[in-house]
Amino acid sequence: MAHEIADNILFPVAGRVDADGQIPESHFEVLADHGFYGLAAADETEVTPSVLVEVVETLCGGCLATGFTWIQHFGPAAVIANSPNSDLRERYLAGLLDGTIRAGGSNAGAIPVPPLLWARRGDDGYVLDGFAPFVTGWGMIDLLMVLARDEVDNSIVQAFIPTDSLPGLSAELLPLIAARGSNTVRLSFDGVTVPREMVAASLTPEEFAEGQPFVMWLGGCAAMGITRRAITELKALCADAEPFEKQVAQARLDLDAALEGRAEIADARACASALAVRTATALVTAKGGSSAVAGNTAERLMREATFTLVIAGRPTIKSALLKRLSHD
């Protein structure tokens, strides 16, 4: 079903979504209708990693803006599904799994040292001050998970905020080079109150780090989706795509090994994004001069491949990418 949706619904209008900067509501409705939002909290007895890989890569290769926005739902849904806060689970989990409630998240405010977003303890919860530099899906999501640093013990607070209206919260749209329809914004927090019942958990830095390989792995899946689409387009031009197909197979093995702890995730993630850039570059070359005109598939995939170099970025990924790119 993911292939049918990507090829028949997403890809035919991906260029228009990129140009207009607006994802049709029907894209999210069809994903919800076919249960794709529920994948966020499914365990391996329900959905194997290979199936999840196939779905994520296929949808991102159909329309990166749609796939990238949908992926943001994974973290919040999984956090609520596993939260000790039973009230939060009862209030939101069912809607998150069937797609009637759509969520997004931002880790980036809590990761830097010093952090960009602080959580100050109040009488019944937290008060947030600072910035969440990248929040995707603004205006299209109902619930936002933001991570902020507790100023007392440096723990990482997983706070949930309904997006309808909150005093002290303001958004600035970011003009991304790709996935423009994702409505990615920079959020400013000026004394935003989060009651205790909207806090899923507080994590130690070590506990938080344990979940980061999966986040980086998802970024690799997005890059692999761009690579898949570029290879498909190369074949349509009768260009030789076999060398890239062999590299895709190896990159996928490396990503899966990294997710299982058998390889370094930063290296695997860097390999996936570098491969996306190479395949997109090959497509631009094979397509010829028309690729220099904005609005064609090759040009869009080139920008999208570049975008994957930095999404869910970490210093270790940047170092691995720079080393790999310099050798290439």
Exercise for the section: Run through all the Cα pairs of the stretch 254-301 and give the fraction in each 10 Å bin from 0, expressed as whole percent. Expected result: 28, 31, 22, 17, 2
Handout entry: Given the chain, longest segment not containing exposed loop GluC sites (Glu not before Pro) (DSSP; at most 16 other Cβ within 10 Å)
Key = 152-259
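Which trypsin sites (Lys or Arg not before Pro) in the stretch 179-264 pass both tests, a DSSP loop state and at most 15 other beta-carbon atoms within 10 Å? Don't jump to the answer; show the numbers that get you there.
Numbers: sites: Arg180, Arg186, Arg196, Arg228, Arg229, Lys235, Lys246, Arg252, Arg262; in loops: Arg262.
Of the trypsin sites (Lys or Arg not before Pro), the ones in loops of the stretch 179-264 whose Cβ has at most 15 other Cβ atoms within 10 Å are Arg262.
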Handout entry: Fluctuation leader among Leu169, Leu31, Leu301 - the chain, Gaussian network, Cα springs under 10 angstrom
Key = Leu169
Handout entry: Histogram of C-alpha separations across the stretch 104-205, 5 Å bin width, %
Key = 3, 14, 25, 27, 17, 9, 4, 1, 0
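What is the ratio of the Cα radius of gyration of the stretch 175-242 to 2.2 N^0.38 Å, with N the residue count, to two decimals? Intermediate values should be presented prior to the final figure.
Numbers: Rg = 19.7 Å, N = 68, 2.2 N^0.38 = 10.9 Å.
Output field value: 1.80.
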Handout entry: Hull shadow area, averaged, the stretch 75-121 [alpha-carbon convex hull, nm²]
Key = 4.1 nm²
Handout entry: the chain - Rg (one decimal) and Dmax (whole number), Cα, Å
Key = 19.5, 66
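If one computes P(r) from the Cα atoms of the stretch 1-98, what percent of pairs lie at distances over 21 Å? Present the calculation step by step, with values, prior to reporting the outcome.
Values: 1655 of 4753 pairs.
In whole percent, the share of Cα-Cα pairs in the stretch 1-98 beyond 21 Å is 35.
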Practice task
For the stretch 206-326, state the semi-axes of the equivalent ellipsoid (square roots of 5 times the eigenvalues of the alpha-carbon gyration tensor), sorted largest first and rounded to whole angstrom.
Solution key: 27, 15, 11
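How large, in percent, is the carbon and sulfur part of the accessible surface of the chain at a probe radius of 1.4 Å? Numbers along the way, then the final one.
On the way: 7930 of 14520 Å².
C and S fraction of accessible area: 55 percent.
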Practice task
Quote the convex hull volume per residue of the stretch 223-269, based on C-alpha atoms, as a whole number of Å³.
Solution key: 57 Å³
Completion exercise
Among Asp20, Asp256, Asp98, the residue with the largest mean-square fluctuation in a Gaussian network model of the chain built from Cα contacts under 10 Å is Asp20
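The values are calculated or read from the model by the stated rules, or taken from the named source; none is laboratory data. From a predicted model like this one, the values you see are computed outputs, not experimental measurements. In this analysis, Cβ positions are derived from the backbone assuming ideal geometry, glycine residues included, and neighbour counts consider all displayed protein chains. Each accessible area value is taken on the protein alone, full model and side chains, heavy atoms only, with ligands, DNA and RNA left out. Shrake-Rupley method; radii C 1.70, N 1.55, O 1.52, S 1.80 Å.
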